[in-house]
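Quick notes on the structure that follows.
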Amino acid sequence: MKMGMRKPSLKKSISARTKGQLTRRIKRTLNPYYGKRGTGWLHPKKKLYNKAYQKTTFSFWDLFK
């Protein structure tokens, strides 16, 4: 498990703002439960990992907030 600052990636951040945005919009139209709160319990192992990861790491941009 990673701890500390996540390494920033310009390529991934651009991808998330362009292709990712379009992909999420399509998924929302096809699946009414996509992106809703509480649906993480469908995959409990992944939910627990993501929760721990978010608590133990921080973004480069969080330093400026």
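If the condition is being charged (D, E, K, R) and more than 22 Å from Thr56 (Cα to Cα), then region 3-24 contributes Lys11, Arg17, Lys19, Arg24.
Taking the conditions (1) under 14 Å from the mean Cα position of the chain (by Cα); (2) modelled with pLDDT of 90 or more in turn, Gly40 satisfies each one other than (2).
Here's the yes/no breakdown for (1) in contact with a Phe, Trp or Tyr (Cβ under 7 Å, 6 or more places away or on another chain); (2) of a type in the set (Ser, Thr, Tyr):
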| residue | (1), (2) |
| --- | --- |
| Gly20 | no, no |
| Thr23 | no, yes |
| Lys27 | yes, no |
| Arg37 | no, no |
| Leu48 | no, no |
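Rundown of residues vs (1) at pLDDT 90 or above; (2) not in a loop (DSSP other than H, G, I, E, B), yes/no style:
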{"site": "Gly20", "(1), (2)": "no, yes"}
{"site": "Tyr33", "(1), (2)": "no, no"}
{"site": "Lys46", "(1), (2)": "yes, yes"}
{"site": "Ala52", "(1), (2)": "yes, yes"}
{"site": "Trp61", "(1), (2)": "no, yes"}
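The values are calculated or read from the model by the stated rules, or taken from the named source; none is laboratory data. Given the structure is predicted, the values throughout are model-derived calculations rather than measurements. For neighbour counting, all protein chains shown are included, and Cβ atoms are generated from backbone atoms with ideal geometry for every residue, glycine included.
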